[in-house]
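Working notes, structure below.
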Amino acid sequence: MVGNFTFHDEVAFRVLVVNGRDYISTSDATAIRFYPNGTADHCVAEIQWLRREARRFTIEVMTGYVEVEDIP
């Protein structure tokens, strides 16, 4: 799926690292690619809701598996 997404004003990235590059400190756009052989770009993203609740999404490079965890 290819697309652009807009978050509600109360949702924000705390961390966005794709293939070792920090996209929070830049205004560059990025993409997270999933390949036909089952691999994917490495990505760690932390998304925070209403400045209270947060989740970390980690994409594993070799399997494309996404791990989701609650974080403080």
Equivalent ellipsoid, the chain (semi-axes from 5 times Cα gyration tensor eigenvalues, Å): 21, 15, 12
When the solvent-accessible surface of protein heavy atoms is calculated with a 1.4 angstrom probe, in what order do Tyr65, Tyr23 fall, highest first? Tyr65, Tyr23
Extension gain Val66-Val15, at 0.36 nm per residue separation less the Cα-Cα distance, in nm? 16.8 nm
Whole-Hz ³J(HN,Hα) from phi, Karplus 6.51 cos²θ - 1.76 cosθ + 1.60, for region 12-20, glycine and proline x: 8, 6, 9, 9, 8, 10, 10, 6, x
Output the relative contact order of the chain, whole-number percent, from Cα pairs under 8 angstrom with separation of 6+ residues. 26 percent
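The values are calculated or read from the model by the stated rules, or taken from the named source; none is laboratory data. Not measured: the values here are computed from a predicted model. The accessibility values were calculated without ligands, DNA or RNA, using every heavy atom of the protein model including side chains. Shrake-Rupley method; radii C 1.70, N 1.55, O 1.52, S 1.80 Å.
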